[in-house]
Amino acid sequence: GSFAGIFAYDYLVGEEVESYLSAKMLIPNAVIHFKSRSLTVDESALIKFKAKKYIEEIDSIYGIKYHPKIEIYIFPSSEDLFQYVGTREASISKPWQHSIYITKQNLHSLKHELAHSILAAYGSFPFDISWSTGLTEGAAVAVEEDYDGIRSVDEYSARMLEMKLAEGVLQVMQPSGFLSSAPSQSYVIAGSFSKYLIDTY
């Protein structure tokens, strides 16, 4: 697997996906692709509103004045996502392509995935992300107002430290440390630390 091979494969998959998700909605800085008749008029309007709002908020949080147009591909079901992208559960952001692959039922993670694509300009070759998984994921978690719709990452992080479920941020921000901890702990700690960096600097 050379990098050229990966990019060529991405190009072929992209053509197939665009053919399948042939309907489009345009918003500033993004194109939303979806399957015709898979969204109601109200759902379409809400998705356009949220995507535009999320992009504006992320740009504001990170002080970004310009980024390439983002292609958002919304699949009707997890089976469709699996057929075209190869995963059933996870939403996928490809920062080097400025594209997001997500299912209709997983749109709650759209802001997180948008952050990955928008921050691509600050990432490293070849995939336009940080070599630190903690920084890559933490930067995306930090833009979410509530981690689970109820509590913030700061609240969860403080609780984990109080209960000795986590030892602090150092391990999570190491290149391999993020992956060696439980995902729920890694995302929360990295997100809280990234939020601290945003608020402080």
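The values are calculated or read from the model by the stated rules, or taken from the named source; none is laboratory data. This one's a predicted model, so the numbers in the text were calculated from it and none came from an experiment. We place every Cβ from the backbone using ideal geometry, glycine too, and count neighbours over all the protein chains shown. The accessibility values were calculated without ligands, DNA or RNA, using every heavy atom of the protein model including side chains. Shrake-Rupley method; radii C 1.70, N 1.55, O 1.52, S 1.80 Å.
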Original post:
Taking a ≥ b ≥ c as the square roots of the eigenvalues of the Cα gyration tensor of segment 97-149, is the shape rounded (a/c under 1.5), prolate (a/b larger than b/c) or oblate?
Top reply: oblate
Original post:
For helix 3-20, what angle does its Cα long axis make with the longest principal axis of the chain, in degrees from 0 to 90 and rounded to 10?
Top reply: 60 degrees
**OP:** Apply the Karplus parameterisation 6.51 cos²θ - 1.76 cosθ + 1.60, with θ equal to phi minus 60°, to every residue of segment 31-36 and state each ³J(HN,Hα) to the nearest whole Hz, in sequence, with x for glycine and proline.
**Re:** 10, 9, 9, 8, 7, 3
Subject >> Distant-in-sequence amide H partners of ILE129 (H built 1.01 Å from N, under 5 Å) >> reply: SER124
Original post:
Treating the beta-carbon of each Lys and Arg as +1 and of each Asp and Glu as -1, no other charges, what is the dipole magnitude of segment 118-201 about its Cα centre, to the nearest 20 debye?
Top reply: 240 debye
Original post:
Once the dipole of segment 44-201 is set up with Lys and Arg at +1 and Asp and Glu at -1 on Cβ about the Cα centre, which of TYR201, LEU119, SER176 lies farthest towards its positive end?
Top reply: LEU119
**OP:** Taking the chain as the reference, fit the longest principal axis to its C-alpha atoms, fit the long axis of helix 153-162 to the helix C-alpha atoms, and give the angle between the two in degrees, 0 to 90, nearest 10.
**Re:** 40 degrees
Original post:
To one decimal place, what orientation-averaged projected area in nm² is obtained for the convex hull of the Cα set of segment 119-174?
Top reply: 4.4 nm²
**OP:** Would you grab the residues whose amide H sits under 5 Å from the one on SER99? Only those 5+ places off in sequence or on another chain, please, with H modelled 1.01 Å from N.
**Re:** GLU71, LYS94
Original post:
What's the longest bit of the chain with no exposed GluC sites (Glu not before Pro), using DSSP loop states and at most 12 other Cβ atoms within 10 Å as the test?
Top reply: 1-88
Original post:
Among (i) 10, 38, 37, 13, 2, 0; (ii) 8, 25, 25, 18, 12, 7, 4, 1, 0; (iii) 8, 33, 36, 19, 4, 0, which is the computed P(r) over Cα pairs in 10 Å bins from 0, in percent?
Top reply: (iii)
Original post:
How large is ³J(HN,Hα) for each residue in segment 38-51, as worked out from phi by the Karplus curve 6.51 cos²θ - 1.76 cosθ + 1.60 (θ = phi - 60°), to whole Hz, x for Gly and Pro?
Top reply: 8, 10, 6, 4, 5, 4, 4, 5, 5, 5, 4, 4, 5, 4
Subject >> Relative contact order (%) - the chain, alpha-carbon pairs under 8 angstrom, separation at least six >> reply: 15 percent
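What does the C-alpha gyration tensor say about the overall shape of segment 3-113? Classify as rounded when a/c is under 1.5, otherwise prolate if a/b is larger than b/c, or oblate.
Working: a/c = 1.69, a/b = 1.13, b/c = 1.49.
It comes out oblate by the Cα gyration axes.
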Original post:
If you take every DSSP beta bridge whose two residues both sit in the chain, what share of them, in percent to the nearest 5, is antiparallel?
Top reply: 45 percent
Subject >> Integer Hz, Karplus 6.51/-1.76/1.60 couplings in order for segment 22-27, x for Gly and Pro >> reply: 7, 7, 9, 10, 9, 9
Subject >> Positive-pole candidate from GLN83, GLY134, MET25, dipole of the chain, charges at beta carbon >> reply: MET25
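Provide the per residue accessible area, probe 1.4 Å, for the chain, rounded to a whole number of square angstrom. Display every interim value, and only then the final one.
Working: 11120 Å² over 201 residues.
Result: 55 Å² per residue.
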Original post:
What angle, in degrees between 0 and 90 and rounded to the nearest 10, separates the Cα long axis of helix 183-200 from the longest principal axis of the Cα atoms of the chain?
Top reply: 80 degrees
Original post:
Taking LYS94 as the anchor, which lysines have their alpha carbon closer than 24 Å to its alpha carbon, excluding any fewer than eight residues away along the same chain?
Top reply: LYS24, LYS35, LYS48, LYS50, LYS52, LYS53, LYS65, LYS69, LYS104, LYS111, LYS195
